[in-house]
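The values are calculated or read from the model by the stated rules, or taken from the named source; none is laboratory data. Because the structure is predicted, anything quoted here is derived from the model rather than measured. Ideal geometry is used to build each Cβ from the backbone, glycine not excepted, and the neighbour counts take in all protein chains shown. In case anyone asks, the SASA skips ligands and DNA or RNA and just uses the protein heavy atoms, side chains included. Shrake-Rupley method; radii C 1.70, N 1.55, O 1.52, S 1.80 Å.
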Amino acid sequence: MSNTTRVNAFLLLGFSEIWDLQIIYSVISLAIYLGVLVGNSLIIIAIAFECHLHKPMYFFLMNLSLADIGFVSVTIPKSIFNSLFNTRWISYSECVSQVFFLIFFMASDFALLTVMAYDRYVAICSPLYYETVMNKESCIYMAIISWIAALFYALLHTVGTFTMTFCSKIIVQFFCEIPQLLKISCSDSYVIESVVHLIGACLSFISFCFIIFSYAQIFRAVTRIPSMQGKKKTISTCLPHFLSVSLFLFTTSFAYLKPISNSPHSLNLVASAIYSVVPPLMNPIIYSLRNKQIKTALRKYLPSNKAPFHVPLKVIFSLDLFKPINYILICAGFPGKIKQASAPGKNRFYCPYEEYMFSICD
(Lines give C-alpha, C1' and ligand atoms only; values in the text may rest on other atoms or scores of the structure.)
Protein backbone atom coordinates (compact mmCIF):
# COMPACT_ATOMS: atom_id res chain seq x y z
CA MET A 1 0.00 0.00 0.00
CA SER A 2 1.26 3.45 -0.80
CA ASN A 3 -0.96 5.64 1.33
CA THR A 4 1.00 6.26 4.54
CA THR A 5 -0.65 9.47 5.74
CA ARG A 6 -1.19 9.73 9.48
CA VAL A 7 -4.50 8.31 10.65
CA ASN A 8 -6.34 10.51 13.18
CA ALA A 9 -9.42 8.31 13.57
CA PHE A 10 -10.73 4.88 12.65
CA LEU A 11 -14.02 3.48 11.35
CA LEU A 12 -15.33 0.52 13.32
CA LEU A 13 -17.51 -2.26 11.98
CA GLY A 14 -21.24 -1.69 12.34
CA PHE A 15 -23.48 -4.64 13.15
CA SER A 16 -26.15 -3.55 10.68
CA GLU A 17 -27.11 -0.68 8.42
CA ILE A 18 -30.76 -1.05 9.46
CA TRP A 19 -31.72 1.34 12.28
CA ASP A 20 -34.19 -1.07 13.94
CA LEU A 21 -31.53 -3.78 14.16
CA GLN A 22 -29.08 -1.30 15.65
CA ILE A 23 -31.62 -0.48 18.37
CA ILE A 24 -32.12 -4.18 19.10
CA TYR A 25 -28.36 -4.69 19.28
CA SER A 26 -28.02 -1.70 21.63
CA VAL A 27 -30.72 -3.04 23.96
CA ILE A 28 -29.13 -6.50 24.07
CA SER A 29 -25.66 -5.04 24.65
CA LEU A 30 -26.99 -2.76 27.41
CA ALA A 31 -28.71 -5.71 29.10
CA ILE A 32 -25.49 -7.74 28.98
CA TYR A 33 -23.43 -4.82 30.28
CA LEU A 34 -25.84 -4.15 33.15
CA GLY A 35 -25.88 -7.87 33.96
CA VAL A 36 -22.08 -7.95 34.20
CA LEU A 37 -22.00 -4.70 36.16
CA VAL A 38 -24.69 -5.70 38.68
CA GLY A 39 -23.51 -9.30 39.09
CA ASN A 40 -19.87 -8.43 39.72
CA SER A 41 -20.74 -5.42 41.89
CA LEU A 42 -22.88 -7.61 44.14
CA ILE A 43 -19.95 -10.00 44.52
CA ILE A 44 -17.66 -7.13 45.52
CA ILE A 45 -20.20 -5.78 48.03
CA ALA A 46 -20.86 -9.20 49.57
CA ILE A 47 -17.18 -10.04 49.97
CA ALA A 48 -16.25 -6.57 51.23
CA PHE A 49 -18.95 -6.36 53.91
CA GLU A 50 -19.02 -9.98 55.13
CA CYS A 51 -16.28 -10.93 57.61
CA HIS A 52 -16.64 -14.68 57.02
CA LEU A 53 -15.86 -14.14 53.32
CA HIS A 54 -12.49 -12.57 54.05
CA LYS A 55 -10.63 -15.62 52.80
CA PRO A 56 -8.09 -16.04 49.95
CA MET A 57 -10.57 -17.58 47.51
CA TYR A 58 -13.02 -14.69 47.89
CA PHE A 59 -10.26 -12.09 47.91
CA PHE A 60 -9.14 -13.24 44.46
CA LEU A 61 -12.76 -13.50 43.35
CA MET A 62 -13.27 -9.85 44.28
CA ASN A 63 -10.21 -8.90 42.19
CA LEU A 64 -11.57 -10.98 39.31
CA SER A 65 -14.90 -9.13 39.53
CA LEU A 66 -13.09 -5.78 39.33
CA ALA A 67 -11.20 -6.98 36.25
CA ASP A 68 -14.43 -8.23 34.64
CA ILE A 69 -16.16 -4.88 35.16
CA GLY A 70 -13.23 -3.09 33.56
CA PHE A 71 -13.06 -5.66 30.76
CA VAL A 72 -16.62 -5.08 29.49
CA SER A 73 -16.49 -1.34 30.19
CA VAL A 74 -13.73 -0.95 27.61
CA THR A 75 -15.72 -2.14 24.59
CA ILE A 76 -19.50 -2.32 25.18
CA PRO A 77 -20.33 1.32 26.12
CA LYS A 78 -18.54 2.69 23.03
CA SER A 79 -20.26 0.12 20.82
CA ILE A 80 -23.69 1.04 22.25
CA PHE A 81 -22.95 4.75 21.76
CA ASN A 82 -21.98 4.22 18.12
CA SER A 83 -25.12 2.19 17.43
CA LEU A 84 -27.51 4.67 19.06
CA PHE A 85 -25.97 7.70 17.36
CA ASN A 86 -25.51 5.87 14.05
CA THR A 87 -21.78 6.52 13.87
CA ARG A 88 -18.75 4.29 13.45
CA TRP A 89 -15.94 6.72 14.30
CA ILE A 90 -13.41 6.25 17.07
CA SER A 91 -10.56 8.69 17.56
CA TYR A 92 -6.92 7.61 17.46
CA SER A 93 -6.43 8.31 21.19
CA GLU A 94 -9.62 6.41 22.05
CA CYS A 95 -8.38 3.46 20.02
CA VAL A 96 -5.02 3.49 21.81
CA SER A 97 -6.79 3.60 25.20
CA GLN A 98 -9.16 0.83 24.17
CA VAL A 99 -6.32 -1.47 23.11
CA PHE A 100 -4.33 -0.76 26.28
CA PHE A 101 -7.16 -1.31 28.76
CA LEU A 102 -8.57 -4.28 26.86
CA ILE A 103 -5.23 -6.12 27.03
CA PHE A 104 -4.69 -4.96 30.63
CA PHE A 105 -7.99 -6.32 31.94
CA MET A 106 -7.79 -9.42 29.76
CA ALA A 107 -4.29 -10.29 31.02
CA SER A 108 -5.19 -9.54 34.64
CA ASP A 109 -8.29 -11.73 34.25
CA PHE A 110 -6.24 -14.69 33.10
CA ALA A 111 -3.54 -14.11 35.73
CA LEU A 112 -6.15 -14.04 38.50
CA LEU A 113 -7.80 -17.20 37.17
CA THR A 114 -4.39 -18.89 37.33
CA VAL A 115 -3.86 -17.74 40.92
CA MET A 116 -7.35 -18.97 41.84
CA ALA A 117 -6.48 -22.39 40.41
CA TYR A 118 -3.36 -22.45 42.61
CA ASP A 119 -5.45 -21.44 45.62
CA ARG A 120 -7.85 -24.37 45.04
CA TYR A 121 -4.91 -26.72 44.50
CA VAL A 122 -3.33 -25.83 47.85
CA ALA A 123 -6.69 -25.89 49.67
CA ILE A 124 -7.62 -29.38 48.45
CA CYS A 125 -4.27 -31.12 47.96
CA SER A 126 -2.34 -29.59 50.89
CA PRO A 127 -4.97 -28.46 53.41
CA LEU A 128 -2.58 -28.61 56.37
CA TYR A 129 -0.31 -26.01 54.76
CA TYR A 130 -3.09 -23.85 53.35
CA GLU A 131 -3.08 -21.13 56.02
CA THR A 132 0.71 -20.96 55.90
CA VAL A 133 1.02 -20.79 52.11
CA MET A 134 -2.04 -18.63 51.41
CA ASN A 135 -1.58 -16.13 54.22
CA LYS A 136 -2.65 -12.50 53.98
CA GLU A 137 0.70 -11.18 52.75
CA SER A 138 1.05 -13.89 50.08
CA CYS A 139 -2.44 -13.20 48.73
CA ILE A 140 -1.80 -9.47 48.49
CA TYR A 141 1.54 -10.04 46.76
CA MET A 142 0.01 -12.45 44.24
CA ALA A 143 -2.79 -10.00 43.43
CA ILE A 144 -0.37 -7.08 43.05
CA ILE A 145 1.96 -9.11 40.82
CA SER A 146 -0.99 -10.14 38.64
CA TRP A 147 -2.10 -6.54 38.12
CA ILE A 148 1.43 -5.18 37.55
CA ALA A 149 2.35 -7.96 35.10
CA ALA A 150 -0.86 -7.27 33.17
CA LEU A 151 -0.02 -3.56 33.13
CA PHE A 152 3.41 -4.09 31.59
CA TYR A 153 2.08 -6.65 29.13
CA ALA A 154 -0.63 -4.23 27.96
CA LEU A 155 1.95 -1.46 27.63
CA LEU A 156 4.19 -3.64 25.43
CA HIS A 157 1.26 -4.60 23.21
CA THR A 158 0.09 -1.00 22.84
CA VAL A 159 3.55 0.34 22.01
CA GLY A 160 4.21 -2.50 19.57
CA THR A 161 0.93 -1.87 17.75
CA PHE A 162 0.85 1.90 17.52
CA THR A 163 4.48 2.46 16.55
CA MET A 164 3.39 1.21 13.12
CA THR A 165 1.79 3.36 10.42
CA PHE A 166 -1.67 2.51 9.08
CA CYS A 167 -2.74 2.56 5.46
CA SER A 168 -6.47 2.36 6.12
CA LYS A 169 -8.99 3.71 8.62
CA ILE A 170 -11.42 0.81 8.46
CA ILE A 171 -11.23 -1.71 11.32
CA VAL A 172 -13.30 -4.81 10.60
CA GLN A 173 -14.37 -5.25 14.23
CA PHE A 174 -16.75 -3.51 16.65
CA PHE A 175 -13.79 -2.36 18.79
CA CYS A 176 -10.08 -1.70 18.32
CA GLU A 177 -8.56 -5.16 18.26
CA ILE A 178 -4.86 -5.75 17.66
CA PRO A 179 -5.18 -8.40 14.89
CA GLN A 180 -7.48 -6.11 12.90
CA LEU A 181 -5.11 -3.16 13.41
CA LEU A 182 -2.21 -5.26 12.15
CA LYS A 183 -4.27 -6.11 9.08
CA ILE A 184 -4.50 -2.42 8.08
CA SER A 185 -0.90 -1.54 8.91
CA CYS A 186 1.45 -0.49 6.11
CA SER A 187 4.19 -2.86 7.21
CA ASP A 188 4.27 -6.55 6.39
CA SER A 189 6.62 -7.34 9.28
CA TYR A 190 5.55 -6.84 12.88
CA VAL A 191 8.76 -7.41 14.79
CA ILE A 192 7.83 -5.84 18.13
CA GLU A 193 4.26 -7.08 18.11
CA SER A 194 5.32 -10.56 17.01
CA VAL A 195 7.76 -10.79 19.93
CA VAL A 196 5.09 -9.61 22.38
CA HIS A 197 2.61 -12.10 20.89
CA LEU A 198 5.17 -14.87 21.29
CA ILE A 199 5.83 -13.91 24.92
CA GLY A 200 2.09 -13.78 25.62
CA ALA A 201 1.50 -17.14 23.93
CA CYS A 202 4.29 -18.78 25.94
CA LEU A 203 3.04 -17.33 29.24
CA SER A 204 -0.54 -18.34 28.43
CA PHE A 205 0.56 -21.86 27.54
CA ILE A 206 2.59 -22.19 30.75
CA SER A 207 -0.31 -20.85 32.82
CA PHE A 208 -2.78 -23.19 31.14
CA CYS A 209 -0.47 -26.17 31.69
CA PHE A 210 -0.19 -25.16 35.35
CA ILE A 211 -3.99 -24.93 35.59
CA ILE A 212 -4.37 -28.38 33.98
CA PHE A 213 -1.78 -29.81 36.39
CA SER A 214 -3.54 -28.18 39.37
CA TYR A 215 -6.94 -29.56 38.44
CA ALA A 216 -5.50 -32.97 37.59
CA GLN A 217 -4.12 -33.12 41.13
CA ILE A 218 -7.40 -31.81 42.52
CA PHE A 219 -9.48 -34.45 40.73
CA ARG A 220 -6.97 -37.08 41.80
CA ALA A 221 -7.39 -35.97 45.41
CA VAL A 222 -11.17 -35.99 44.99
CA THR A 223 -11.12 -39.70 44.23
CA ARG A 224 -9.69 -40.28 47.71
CA ILE A 225 -12.53 -38.44 49.46
CA PRO A 226 -14.66 -41.11 51.16
CA SER A 227 -17.98 -39.26 51.13
CA MET A 228 -19.91 -38.86 47.89
CA GLN A 229 -21.18 -35.46 49.03
CA GLY A 230 -17.61 -34.18 49.43
CA LYS A 231 -16.73 -35.40 45.94
CA LYS A 232 -19.75 -33.68 44.39
CA LYS A 233 -19.03 -30.43 46.24
CA THR A 234 -15.40 -30.33 45.11
CA ILE A 235 -16.20 -31.21 41.49
CA SER A 236 -19.07 -28.69 41.31
CA THR A 237 -16.68 -25.99 42.55
CA CYS A 238 -13.66 -26.78 40.37
CA LEU A 239 -15.15 -28.01 37.10
CA PRO A 240 -16.96 -24.74 36.20
CA HIS A 241 -13.75 -22.83 36.97
CA PHE A 242 -11.79 -25.06 34.61
CA LEU A 243 -14.42 -24.70 31.86
CA SER A 244 -14.40 -20.91 32.25
CA VAL A 245 -10.61 -20.76 31.94
CA SER A 246 -10.66 -23.07 28.90
CA LEU A 247 -13.33 -21.05 27.10
CA PHE A 248 -11.52 -17.79 27.79
CA LEU A 249 -8.12 -19.09 26.68
CA PHE A 250 -9.28 -20.83 23.51
CA THR A 251 -11.33 -17.89 22.22
CA THR A 252 -8.55 -15.36 22.91
CA SER A 253 -5.99 -17.70 21.33
CA PHE A 254 -8.17 -18.01 18.24
CA ALA A 255 -8.59 -14.22 18.00
CA TYR A 256 -4.95 -13.28 18.59
CA LEU A 257 -2.85 -16.22 17.34
CA LYS A 258 -4.61 -17.13 14.11
CA PRO A 259 -3.19 -15.83 10.79
CA ILE A 260 -4.10 -12.19 10.25
CA SER A 261 -5.65 -12.73 6.83
CA ASN A 262 -7.86 -15.44 5.34
CA SER A 263 -10.42 -15.59 8.15
CA PRO A 264 -14.13 -14.77 7.71
CA HIS A 265 -15.37 -11.52 9.26
CA SER A 266 -18.32 -13.27 10.91
CA LEU A 267 -16.01 -15.81 12.59
CA ASN A 268 -13.75 -13.03 13.91
CA LEU A 269 -16.79 -11.18 15.22
CA VAL A 270 -18.17 -14.22 17.03
CA ALA A 271 -14.79 -15.12 18.59
CA SER A 272 -14.23 -11.53 19.78
CA ALA A 273 -17.74 -11.31 21.21
CA ILE A 274 -17.24 -14.59 23.10
CA TYR A 275 -13.93 -13.72 24.77
CA SER A 276 -14.86 -10.09 25.52
CA VAL A 277 -18.40 -10.66 26.82
CA VAL A 278 -19.05 -14.27 27.83
CA PRO A 279 -16.38 -14.78 30.58
CA PRO A 280 -17.24 -11.56 32.49
CA LEU A 281 -20.94 -12.48 32.21
CA MET A 282 -20.47 -16.10 33.27
CA ASN A 283 -17.96 -15.61 36.09
CA PRO A 284 -20.54 -14.27 38.59
CA ILE A 285 -22.78 -17.25 37.79
CA ILE A 286 -19.97 -19.81 37.93
CA TYR A 287 -18.31 -18.55 41.09
CA SER A 288 -21.17 -17.00 43.05
CA LEU A 289 -24.67 -18.19 42.26
CA ARG A 290 -23.42 -21.75 42.84
CA ASN A 291 -21.73 -20.70 46.11
CA LYS A 292 -23.90 -21.02 49.21
CA GLN A 293 -21.86 -18.59 51.33
CA ILE A 294 -22.06 -15.77 48.77
CA LYS A 295 -25.77 -16.39 48.14
CA THR A 296 -26.40 -16.17 51.88
CA ALA A 297 -24.39 -12.94 52.10
CA LEU A 298 -26.19 -11.39 49.11
CA ARG A 299 -29.60 -11.95 50.71
CA LYS A 300 -28.64 -9.38 53.36
CA TYR A 301 -28.11 -6.66 50.75
CA LEU A 302 -30.82 -7.43 48.21
CA PRO A 303 -34.11 -5.53 48.81
CA SER A 304 -36.79 -7.52 50.61
CA ASN A 305 -39.78 -6.89 52.84
CA LYS A 306 -38.04 -8.22 55.93
CA ALA A 307 -34.52 -6.89 55.53
CA PRO A 308 -34.06 -3.86 53.27
CA PHE A 309 -30.54 -3.00 52.19
CA HIS A 310 -28.75 -0.71 54.61
CA VAL A 311 -25.31 0.10 55.94
CA PRO A 312 -25.44 1.58 59.44
CA LEU A 313 -24.43 5.21 59.11
CA LYS A 314 -23.46 5.62 62.76
CA VAL A 315 -20.76 3.00 62.30
CA ILE A 316 -19.34 4.82 59.28
CA PHE A 317 -19.53 8.31 60.76
CA SER A 318 -17.97 7.19 64.02
CA LEU A 319 -14.77 6.43 62.12
CA ASP A 320 -11.96 8.87 61.59
CA LEU A 321 -12.18 9.81 57.90
CA PHE A 322 -8.42 9.71 57.63
CA LYS A 323 -8.22 6.05 58.60
CA PRO A 324 -7.84 3.51 55.78
CA ILE A 325 -11.04 2.56 54.04
CA ASN A 326 -10.32 -1.14 54.66
CA TYR A 327 -12.02 -1.06 58.04
CA ILE A 328 -15.27 0.13 56.51
CA LEU A 329 -15.07 -2.70 53.98
CA ILE A 330 -14.64 -5.22 56.78
CA CYS A 331 -17.30 -4.32 59.32
CA ALA A 332 -19.51 -1.47 58.08
CA GLY A 333 -22.24 -3.80 56.93
CA PHE A 334 -22.85 -5.28 60.37
CA PRO A 335 -25.40 -3.79 62.78
CA GLY A 336 -23.58 -5.00 65.88
CA LYS A 337 -21.33 -2.88 68.07
CA ILE A 338 -17.64 -2.58 67.40
CA LYS A 339 -15.27 -2.87 70.31
CA GLN A 340 -12.10 -0.87 70.36
CA ALA A 341 -9.09 -1.98 72.39
CA SER A 342 -6.06 0.18 72.87
CA ALA A 343 -2.56 -1.02 72.03
CA PRO A 344 0.74 0.82 71.80
CA GLY A 345 0.83 2.63 68.48
CA LYS A 346 -2.24 0.85 67.08
CA ASN A 347 -6.02 0.89 67.09
CA ARG A 348 -7.52 -2.58 66.96
CA PHE A 349 -11.11 -3.07 65.84
CA TYR A 350 -13.04 -6.24 66.47
CA CYS A 351 -15.81 -7.43 64.18
CA PRO A 352 -18.33 -9.15 66.47
CA TYR A 353 -19.62 -11.59 63.85
CA GLU A 354 -16.28 -13.20 63.16
CA GLU A 355 -13.03 -13.63 65.02
CA TYR A 356 -11.27 -11.42 62.56
CA MET A 357 -8.87 -8.79 63.82
CA PHE A 358 -7.78 -5.91 61.64
CA SER A 359 -5.08 -3.50 62.76
CA ILE A 360 -4.83 0.08 61.58
CA CYS A 361 -1.53 1.82 62.21
CA ASP A 362 -1.76 5.33 63.55
If the convex hull is drawn through the Cα atoms of segment 70-125, its volume per residue in Å³: 67 Å³
Descending semi-axes in whole angstrom, ellipsoid equivalent of segment 9-320, from the Cα gyration tensor: 36, 25, 18
Which value, to two decimals, describes the C-alpha radius of gyration of segment 99-180 once divided by 2.2 N^0.38 Å? 1.53
Determine the share of segment 9-320's accessible area contributed by carbon and sulfur atoms, expressed in whole percent, with a 1.4 angstrom probe. 72 percent
Taking the Cα centre of segment 9-320 as the origin, how large is its charge dipole in debye, to the nearest 20, when only Lys and Arg (+1) and Asp and Glu (-1) carry charge on their Cβ atoms? 1240 debye
What number comes out for accessible area per residue over segment 9-320 if the probe is 1.4 Å? Units Å², please. 50 Å²
Not counting ligands, DNA or RNA, and with a 1.4 Å probe, what is residue 55's accessible surface area in Å² rounded to the nearest 10? 90 Å²
With label points set 7 Å from each Cα along the Cα-to-Cβ direction at residue 20 and residue 131, the distance between them in nm comes to 6.5 nm
What accessible area, in Å² to the nearest ten, does a 1.4 Å probe give for residue 116? 10 Å²
Sorted by chain and number, the residues with a modelled amide H under 5 Å from that of residue 186, at a separation of 5 or more or across chains, are 165, 166, 167
Area of residue 157 that stays accessible when all protein chains are in place (1.4 Å probe, Å², to 10): 0 Å²
